[in-house]
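The values are calculated or read from the model by the stated rules, or taken from the named source; none is laboratory data. Computed from a prediction, not measured in an experiment: that's the story for all the values here. Counting neighbours? That spans all protein chains shown, and the Cβs are built from the backbone with ideal geometry, glycine included. Please note that ligands, DNA and RNA were not included when accessible areas were found on the heavy atoms of the full protein model with its side chains. Shrake-Rupley method; radii C 1.70, N 1.55, O 1.52, S 1.80 Å.
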Amino acid sequence: MRFQAALLSLVLVSASGVSADPFAAFGGSVLLHQNTLYISEASGFHEPGQVHIVKQQGDGAWQIVQSVMAADGQVGDRFGSAVSAHGDLLVVGASAASDGNGRVYIFRRGSDGLYSQAATLDAPSANGATGFASSVAIVEEAIVVGAPRASDGAGQVHVFVYNSGEWVAVATLRDDGDDARFGSALSPDGNRLAASSPGAAKVAVFEWSGVSMNPAGTVIWEGDMPGRFGSSVHLQEGRLAIGAPAAERVHTYFWRDGEWQSDVMIEAPESFGERSQFGSSVQVDGRAVWIGAPWASGGGQLMRWDESGPIEILQESGLSGRPSFGAGFAASGDFLAVGAAGDAYGEGTAFVYRRGGDGWAVSDVLYNAVDAVPAVAGAEVECSDGAAGPYSCNRVDLLAFLPNEDMEINRGVRLNDIWGWTDPETGKEYALVGHMEAMAVVDVSSPTGPVYLGTLPRTEGSPGSTWRDIKVYRDHAFIVADGAGQHGMQVLDLRQLRDLADIPVTFEPTAFYDGIASAHNIVINEDTGYAYTVGNSSGGETCGGGLHMIDIRDPANPTFVGCFTHSGTNSGGGGATHDAQCVSYQGPDSDHRGQEICVSSNGAALSISDVSDKDNPVAVSQATYPNYAYVHQGWFTDDQRYFYQNDEGDELSGLVDRTRTLIWDLTDLDDPQMIGEFFGPTNATDHNLYVDGNLMYQTNNASGLRIVDISDPENPVEVGHFDTTPYGNDKAGFNGTWSSYPYFGSGTLVVTSRREGLFLVRKRNIDT
């Protein structure tokens, strides 16, 4: 069988929040060349990007035989965002390497069949963020590199040849169109190269003479709705396929009589749904054209078309997250490999198909099985000389670690929020661990021997969710999830944990509240017996995203009692709430003492409200501060005078260079005063913080748990930390710890770390 080289790729982009979670994205690019598959994993979260070399074994199975990465690779370098191979040469683009300037890595295959790094290529001139290495191709003996953001967005394509032992830039091709993005996609075919300019709806073809790249025709879309014509392109033996995914179509052309002549226009089937991105990836395979639609209904679809029309449509069931099936693929005759880089919540998967008499069937499923972080149990690991085993620490000892896999958590599923419950009869302590698909229950009464007891699955029909939140009242857990469709609020009677026999158990909700659908968070005032869901969406009584008030004094029968929205406190001009703390106020402001007060973090401002009268809640005040990005969450001091608040976006947006906590003096609730800022030692993004006595417990993503002495409330001092991620760095972003629960009487602190698992730690006796 003769394999034609094919390359199609995917770049995952977040459309929500300040920044995307880092995803592994295995299968983002798929290349088939000389009976070898090259599958990229460009977005590693604790390792630099990789390209996996996959070969068929004697038993017919496809297996990873080598994984290559840059010698100077760093997490986030996007190594593998573009890949090309020819003969024994492998060229890999790393579009975010070299301080964001982009770099190309060249590998050669040795006599042992393994690749080793031979050289690197940098942009010929340091023009800043040019997008260099966004696309790569090998045209005979020349390496071609796209830089679509160069020349103020017009784009450039650079040509390199090997001369006297080094790769030398010999030509720079340009497109003079404004924002043309020339070089966004490259497709080699023998001595020809197709280079696209989707901003100008144009594809240019060149011929390599051995000395120079010479024009060999140009295709320009001149009709209405260019639809990002040229976002994808594939050239094979005189036939050209060009994708216009914003218009949901693909155009094909033939080389005749010295010019490119239009052949057919292929439109997305109605079954793919709206905005399927049909044409994000294309490949010519003989008389057929393969077309990817990674956002089509069902998690992405792939269509094979020939003159008779769409003859085959493939998709996979059972994928999780936003799979983007079909964004990267490679086809040759009866062989097909398809990437689903968003499957397993961004871990990524690739599927290998063979075509037989009954059509296409999956023969292999490929992914990078990352080694689990080993469990820790049985004995305390003391923090000594700044480390507890592999974990950086200061005056915080490791009691135990329960990996995600030991809580029956599926591949790619990440932990999120956590809360705790102490059984008033037995004194046992339990961690209620949220993750993307469920809530896990762990007995932490023996802090060096945690026991996983079981899971309460998400509401049937609800998708997996990055955000799940839990609070407890009267021995019942209340669980909500955001971006989760018709999830509602689940209620679980925790007293049943006393009599469990065979574990682990699959729990069923004790009660279910359908007055909401999705909610970002839940807040409970245990003194009054009222719950407040916030960030409500997707149906039910959303309360404009503000406080949805629920009477839970009878926990098994929650009852809606009202709404409160504080206009002008959210970045959209509304009053949607991200998080809140609601208390029976006993603080220094005598005008409000005895009332039920909520302090809400609403994105653009801090909101203070009096919700004592559920029929007539009242806005008390609002406040903001310089250089805010996203007012995220906060907590009162025990005396309810001070309020510590974090900003989730200020580090990422460059407004501050270190983790910042805002200090509010709420002596007068009608006139909040921001009196200071506390800066941590790293640039990590802050997430959740809680206060207990003279200590504040912060979970600051990549830098882990930080313990801060607030005995002098206006001058906090960090006195301990435990970093749950021994790899990577402590820079801004969303990786590592999510939250902690510091209120167990035993002093055990439980901490969730997204991809790692549940940590049980204990602070040393700290003189505050």
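When we screen Ser276, Ser281 for residues that are in contact with a strand residue (DSSP E or B) (Cβ under 8 Å, 6 or more places away or on another chain), under 17 Å from Ala330 (Cα atoms), open to solvent by less than 30 Å² (accessible area, probe 1.4 Å) and hydroxyl-bearing (Ser, Thr, Tyr), the only hit is Ser281. Every listed requirement among (1) in contact with a strand residue (DSSP E or B) (Cβ under 8 Å, 6 or more places away or on another chain); (2) open to solvent by 10 Å² or more (accessible area, probe 1.4 Å); (3) closer than 26 Å to Gly434 by Cα; (4) of a type in the set (Asp, Glu) is met by Asp730 save one, (1).
Condition check for Gly279 on (1) out of contact with any helix residue (DSSP H, G or I) (no Cβ under 9 Å at 6 or more places or on another chain); (2) farther than 30 Å from Ile409 by Cα: one failure, at (1). Remark: pairs (first residue in segment 571-594, of a type in the set (S, T, N, Q); second residue assigned to a loop (DSSP other than H, G, I, E, B) and open to solvent by 30 Å² or more (accessible area, probe 1.4 Å); Cβ separation under 7 Å; 6+ apart in sequence or on different chains) = Ser584/Asp527; Ser584/Thr528; Gln586/Arg593. The listed residues are Val104, Val139, and the only one of them that is crowded, with 23+ Cβ neighbours inside 10 Å, closer than 19 Å to Val168 by Cβ, at pLDDT 95 or above and of a type in the set (A, V, I, L, M) turns out to be Val104.
Counting only residues that are assigned to a loop (DSSP other than H, G, I, E, B) and surrounded by fewer than 24 Cβ atoms within 10 Å (Cβ to Cβ), segment 24-67 holds 10 of them. When you look at Arg354, is it free of Cβ contacts under 8 Å to residues at least 40 places away in the same chain, of a type in the set (Lys, Arg) and in contact with a Ser or Thr (Cβ under 9 Å, 6 or more places away or on another chain), yes or no? Yes; evaluated as a whole, the condition is true for this residue. Exactly one residue out of Thr448, Thr426 is open to solvent by 10 Å² or more (accessible area, probe 1.4 Å), modelled with pLDDT of 95 or more, of a type in the set (S, T, N, Q) and in contact with a strand residue (DSSP E or B) (Cβ under 9 Å, 6 or more places away or on another chain), and it is Thr448. For segment 714-727, filtered to residues that are outside any loop (DSSP other than H, G, I, E, B) and open to solvent by less than 20 Å² (accessible area, probe 1.4 Å), the residue that is farthest from Gly386 (Cα to Cα) is Val719. Across segment 517-532, the number of residues qualifying as in a strand (DSSP E or B), out of contact with any Asp or Glu (no Cβ under 9 Å at 6 or more places or on another chain) and either closer than 17 Å to Asp493 by Cα or not aliphatic (A, V, I, L, M) (or both) comes to 2. For segment 228-243, give me each residue that is free of Cβ contacts under 8 Å to residues at least 40 places away in the same chain and either in a strand (DSSP E or B) or small (Gly, Ala, Ser) (or both). The answer is Gly238, and nothing else.
In segment 492-514, the qualifying residues are those that are assigned to a strand (DSSP E or B) and not small (Gly, Ala, Ser), and the one that is surrounded by the fewest Cβ atoms within 10 Å (Cβ to Cβ) is Thr506. All but one of (1) under 24 Å from Val54 (Cα atoms); (2) surrounded by fewer than 24 Cβ atoms within 10 Å (Cβ to Cβ) hold for Glu270, so report the exception by its number. Among (1) under 24 Å from Val54 (Cα atoms); (2) surrounded by fewer than 24 Cβ atoms within 10 Å (Cβ to Cβ), Glu270 violates only (1). Take the conditions touching a Gly at 6+ places or on another chain (Cβ under 9 Å), among the hydroxyl-bearing types (Ser, Thr, Tyr), without any contact (Cβ under 8 Å) to a residue 40 or more places away in the chain and closer than 29 Å to Thr724 by Cα and apply them to Ser40. Does it pass? No; evaluated as a whole, the condition is false for this residue.
For first residues located in segment 499-511 and at pLDDT 95 or above and aliphatic (A, V, I, L, M), partners that are open to solvent by less than 80 Å² (accessible area, probe 1.4 Å) and in a loop (DSSP other than H, G, I, E, B) and lie 6+ apart or on another chain with Cβ distances below 9 Å form the pairs Ala511/Pro555; Ala511/Ala556; Ala511/Pro558. The strands (runs of 3 or more DSSP E) located wholly in segment 535-645 that include 3 or more residues which are open to solvent by less than 10 Å² (accessible area, probe 1.4 Å) occupy 547-551, 596-601, 606-610, 631-636.
Among the residues that make up segment 115-135, is at least one of them in contact with a Gly (Cβ under 6 Å, 6 or more places away or on another chain), farther than 23 Å from Ala42 by Cβ, open to solvent by less than 60 Å² (accessible area, probe 1.4 Å) and modelled with pLDDT under 95? For segment 115-135, residues in contact with a Gly (Cβ under 6 Å, 6 or more places away or on another chain), farther than 23 Å from Ala42 by Cβ, open to solvent by less than 60 Å² (accessible area, probe 1.4 Å) and modelled with pLDDT under 95: absent. Of all residues in segment 148-192, those satisfying the criterion of being open to solvent by less than 60 Å² (accessible area, probe 1.4 Å), hydrophobic (A, V, I, L, M, F, W, C) and in a strand (DSSP E or B) are Val157, Val159, Phe160, Val161, Trp167, Val168, Ala169, Ala171, Leu173, Phe182, Leu186.
For segment 68-100, give me the residue count where each residue is in a strand (DSSP E or B) and within 28 Å of Ala732 (Cβ to Cβ). Here the count works out to 7.
Kindly provide the set of residues from segment 296-337 that are of a type in the set (S, T, N, Q), buried (at least 20 other Cβ atoms within 10 Å of the Cβ) and on the phi < 0 side of the Ramachandran plot, ordered by number. Selection gives Gln301, Gln315, Ser320. In segment 229-257, the residue that is farthest from the chain's Cα centre (by Cα) out of those that are over 19 Å from Phe272 (Cα atoms) and open to solvent by 60 Å² or more (accessible area, probe 1.4 Å) is Asp257.
Just give me the residues in segment 595-609 being closer than 19 Å to Gln645 by Cβ, over 25 Å from the mean Cα position of the chain (by Cα) and without any contact (Cβ under 8 Å) to a residue 40 or more places away in the chain, in sequence order.
Ala605
Just need a number here: residues in segment 210-226 that are without any contact (Cβ under 8 Å) to a residue 24 or more places away in the chain, of a type outside the set (A, V, I, L, M, F, W, C) and either open to solvent by 70 Å² or more (accessible area, probe 1.4 Å) or under 18 Å from Tyr253 (Cβ atoms) (or both). Number of matching residues: 4. Selection of segment 733-754 for residues being in contact with a helix residue (DSSP H, G or I) (Cβ under 7 Å, 6 or more places away or on another chain) and either open to solvent by 10 Å² or more (accessible area, probe 1.4 Å) or on the phi > 0 side of the Ramachandran plot (or both) yields Gly733, Phe734, Asn735, Gly736. Looking at Tyr473, is it of a type in the set (Phe, Trp, Tyr) and in contact with a Phe, Trp or Tyr (Cβ under 7 Å, 6 or more places away or on another chain)? Taking the combined requirement at face value, the residue does not satisfy it.
Going by the structure shown, is Asp657 farther than 23 Å from Val691 by Cα, modelled with pLDDT of 95 or more and under 34 Å from the mean Cα position of the chain (by Cα)? Here the answer is yes, as Asp657 does meet what is asked.
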